Amino acid sequence: MTRLPGRDDARGALLQLLIAELLIGSVGVFVHESGQDPVTAVFYRCLFGGLFLLALGLARGYLHGIWQDRALLRGAVLSGVLLVLNWVALFAGMARSSIGVATLVYHFFPFVMLILAALLQGERTHPADLGWTLLGFLGVACSANPGKLWHDADTSYLIGIGLTLLGAVLCGASLLMSRRVGRERPFALVMIQCWVGVLMLGGFSSTDVFHVGTHWLWLFGLGVIHSGIVYVLFYSSYPRLPVVTIAVVAFVYPLVTLSLDYLVYGHRLMPVQLVGLGLIVVGTLGVNLKWRLGRVGVRAGA
């Protein structure tokens with residue numbers, strides 16, 4: 001019989017998840033403050049994150065036998081390519097729009113996962129889920145500030161929104177693939193994905209980074225914190241928490257990002273973008289918690 005997590009165990013997992021969401025919410029600030037182009041930022045995120053995960057994995061035995069697991073290696077490489085390209089697109093989108101706007105638009109990725117699972121893997125999709133997806137997409141459209149898009153958006157802003165949407169698609173595809181191959185060994189999966197990024201981007205990273213400066217602290221934090229510590233916290237907390245808790249706590253990430261974007265850079269959301277945020281929240285919760293019309297409550301663990 002499977003042992004249910006105790007109250008203290010669940011509280012510890014919830015604290016880990018909250019810390020992880022708080023930390024990942026600062027990723028845009030670290031990228032901006034590093035002063036590097038998106039490719040260089042992602043390269044060092046992968047390098048420092050990969051080194052951290054490799055050292056921790058070897059010390060704790062998390063990587064034992066991974067070279068014999070061909071399915072894991074294949075899936076990790078393919079999903080890693082998508083994940084790395086997603087990071088590059090997201091960071092480029094942030095640079096051309098704003099950290100807050102890009103984060104909101106980027107949160108279309110859960111709906112991308114749902115659509116791709118139905119189209120490519122034949123997973124049955126309930127009509128209500130499609131309705132929540134449409135609601136979430138409407139939220140994404142509002143969060144991009146449609147008034148600015150149609151009237152006075154410059155080319156850079158439009159490209160930024162497009163790149164962020166591309167990042168959301170790549171993220172959804174990567175997570176869908178990772179879900180299939182990394183269910184048993186998520187730590188090894190993330191470590192391999194980081195090293196895939198190192199190999200992909202090593203020849204394209206800027207050499208202007210090679211001088212003494214505080215940018216190294218931001219790049220080191222980007223790797224160790226956002227690709228190392230955060231993922232360790234995520235994967236250690238997920239098995240001990242119900243889906244409803246994970247789905248709700250996930251919105252700490254955009255809220256932290258929006259707060260930092262306003263406090264640090266003075267970027268304030270327009271009313272229509274706040275409406276978009278609300279629609280994204282409702283749509284995402286509807287999909288993850290399997291809300292159905294006429295039902296009172298939700299089904300946790302679906």
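The values are calculated or read from the model by the stated rules, or taken from the named source; none is laboratory data. Remember, it's a predicted structure, so these values are computed and weren't measured experimentally. Because the Cβ atoms are built from the backbone with ideal geometry, glycine has one as well, and the counts that use them run over all protein chains shown. Calculation scope for accessible area: heavy atoms of the full protein, side chains included, ligands and nucleic acids excluded. Shrake-Rupley method; radii C 1.70, N 1.55, O 1.52, S 1.80 Å.
Within the stretch 14-63, the set of residues being open to solvent by 30 Å² or more (accessible area, probe 1.4 Å) and closer than 17 Å to residue 188 by Cα comprises 47, 48, 51, 52, 54, 55, 56, 58, 59, 60, 61, 62.
Is it the case that residue 231 is over 20 Å from residue 42 (Cβ atoms) and open to solvent by 10 Å² or more (accessible area, probe 1.4 Å)? In short, no.
Table: residues versus (1) among the polar types (S, T, N, Q); (2) closer than 26 Å to residue 231 by Cα.
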site	(1), (2)
149	no, no
165	no, yes
181	no, yes
185	no, yes
206	yes, no
213	no, no
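Taking the criterion of being without any contact (Cβ under 8 Å) to a residue 24 or more places away in the chain and either within 21 Å of the chain's Cα centre (by Cα) or part of a helix (DSSP H, G or I) (or both), the residues of the stretch 43-77 that qualify are 55, 58, 59, 60, 67, 68, 70. For the stretch 284-297, filtering for residues that are of a type in the set (A, V, I, L, M), open to solvent by 60 Å² or more (accessible area, probe 1.4 Å) and either at pLDDT below 50 or within 19 Å of residue 117 (Cα to Cα) (or both) leaves 1. Being closer than 17 Å to residue 168 by Cβ, in contact with a Cys (Cβ under 8 Å, 6 or more places away or on another chain) and either of a type in the set (Val, Ile, Thr) or surrounded by 21 or more Cβ atoms within 10 Å (Cβ to Cβ) (or both): is that true of residue 84 here? So residue 84 fits the description; yes. The lone criterion from (1) open to solvent by 30 Å² or more (accessible area, probe 1.4 Å); (2) more than 30 Å from residue 61 (Cα to Cα); (3) among the aliphatic types (A, V, I, L, M) left unmet by residue 140 is number (1). Residue 142 falls short on exactly one of the conditions (1) touching a Gly at 6+ places or on another chain (Cβ under 7 Å); (2) hydrophobic (A, V, I, L, M, F, W, C); (3) within 28 Å of residue 76 (Cα to Cα), and that condition is (3).
Annotation note: Cβ proximity below 8 Å between a residue of the stretch 279-294 that is part of a loop (DSSP other than H, G, I, E, B) and a residue that is at pLDDT below 80 and not small (Gly, Ala, Ser) (sequence gap 6+ or interchain) occurs for 289/243; 289/244; 289/298; 289/299; 290/298; 290/299; 291/298. Every residue in the stretch 159-205 that is of a type in the set (Gly, Ala, Ser), outside any helix (DSSP H, G or I) and open to solvent by 30 Å² or more (accessible area, probe 1.4 Å), please. Within the stretch 159-205, 202, 203 meet the criteria. Do we have residue 156 as in contact (Cβ under 8 Å) with a residue 12 or more places away in the chain and loosely packed, with under 13 Cβ neighbours inside 10 Å here? Yes: the conditions hold for residue 156. Taking the criterion of being more than 11 Å from residue 13 (Cβ to Cβ), open to solvent by 50 Å² or more (accessible area, probe 1.4 Å) and in contact (Cβ under 8 Å) with a residue 60 or more places away in the chain, the only residue of the stretch 234-258 that qualifies is 255.
Within the stretch 107-137, track down each residue that is open to solvent by less than 30 Å² (accessible area, probe 1.4 Å) and either in a loop (DSSP other than H, G, I, E, B) or touching a Pro at 6+ places or on another chain (Cβ under 7 Å) (or both). Across the stretch 107-137, the qualifying residues are 107, 108.
Pull up the stretch 209-222, narrow it to residues that are without any contact (Cβ under 8 Å) to a residue 12 or more places away in the chain and assigned to a helix (DSSP H, G or I), then point me to the one that is surrounded by the fewest Cβ atoms within 10 Å (Cβ to Cβ). Per the stated criteria, the residue is 217.
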